[in-house]
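These notes are about the structure you will find just below.
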There are 2 protein chains.
Amino acid sequence: MAIQRALPAEGDQPDRWEAQLRKGAVEMAALASLWQGRLYGLEIIRFLESQSQLALAEGTIYPILNRLKAEGMLTSEWVEAEAGHPRKYYSLTDAGRQRLRQMAEAWTSFSRGLSRLLEPVVQQQEKTQ
Amino acid sequence: MAIQRALPAEGDQPDRWEAQLRKGAVEMAALASLWQGRLYGLEIIRFLESQSQLALAEGTIYPILNRLKAEGMLTSEWVEAEAGHPRKYYSLTDAGRQRLRQMAEAWTSFSRGLSRLLEPVVQQQEKTQ
DNA sequence: CTTTATACCTCGTATAACTATATATAGTGC
DNA sequence: GCACTATATATAGTTATACGAGGTATAAAG
């Protein structure tokens, strides 16, 4: 097993704030990943990593999925895999779809507000495009 | 004094997630509010409330300002007001400007990723515009 | 001198995500 | 049939963050 620990010492906080940007968006992203069909846990992680900037650990996504399920936002079903461990597939419920729509709306509004705020800051960088 | 405590029981979570969307963006917003010139604490709150969706409490902004100051991102100076309590004006340092640019860049990238993820969700709502 | 308005500050608490680790299933080599 | 490995789900403990409630300070108004 080779514990290895690494223990990053967290003395450096070069991207401390970058991690914070993600907070709160993770739940919405998890719901969004299921919009087009059911996925299982690790699949959600891979999907979000490929489709957006969200690189989530397993210890992050499973508690969120369980919470969302407890709140009735999604359902789960075990599916036998042809090889390896069986997979628990998650699907959005109607309540989940509705909540996601509300969250997306709030996100869009919030995102626009912040973008407006950052316009003067970003302008200096966008010499191109 | 009637401590009162209130203890909101937090049984209702109608906008629990909405508050979470803001996390991590607050520090960036605080820096951004100072981009065009110095402001004092309450002024920052009012500015952000009028310019974006961010309604911050005093208990939120003051610890952040102190932290940013301790990190060398901004400076402060007391200024006598013509009436009432003196005001502590905050200004961005060069390091603060640089950090804000980096944060804005990361935010933009992250925001685009999430928006892309939410496109299928939002499309159904945007019948107009 | 009390009240009101403005402004700054801090403590305690609840919440959320992440790190590290544990558990479960099944295929592979011997 | 037993270790070893890969895949997958799960959770306990830590840390970071925002916020609500209260407190302090200054000065004008009554």
Subject >> Förster radius 25 Å - calculated FRET efficiency between A:Thr75 and A:Lys23 (Cβ-Cβ, nearest 0.05) >> reply: 0.45
Subject >> Over segment A:32-129, relative contact order from alpha-carbon pairs under 8 Å, at least 6 apart, % >> reply: 25 percent
**OP:** Starting from the Cα coordinates of segment B:68-111, work out the convex hull volume and express it per residue in Å³.
**Re:** 95 Å³
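Shielding of B:25-37 by partners, i.e. mean partner chain Cβ atoms within 10 Å per residue? Don't jump to the answer; show the numbers that get you there.
On the way: counts 12, 2, 4, 7, 4, 0, 3, 8, 1, 0, 5, 2, 0.
Average per residue, whole number: 4.
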**OP:** Between the label point of B:Val79 and that of the same position in each other copy, find the distances and list them shortest first in nm, with every label point placed 7 Å from Cα along the Cα-to-C-beta direction.
**Re:** 6.1
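Evaluate peptide A:97-107: per residue, the Cβ atoms of other protein chains within 10 Å of its Cβ; return the mean as an integer.
Values: counts 2, 0, 1, 3, 5, 5, 6, 11, 4, 5, 10.
The shielding value for this peptide is 5.
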**OP:** Check the axis relating chain A to chain B and name the residue of A whose C-beta is nearest, distance in whole Å.
**Re:** A:Lys23, 2
**OP:** Largest first and in whole Å, give the semi-axes of segment B:21-105's equivalent ellipsoid, each being the square root of 5 times a Cα gyration tensor eigenvalue.
**Re:** 20, 16, 11
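Each value in this text was obtained by applying a stated rule to the coordinates, not by laboratory testing. Note that the structure is predicted; figures quoted are calculated from it, not measured. Virtual Cβ from ideal backbone geometry, glycine too; neighbours counted across all protein chains shown.
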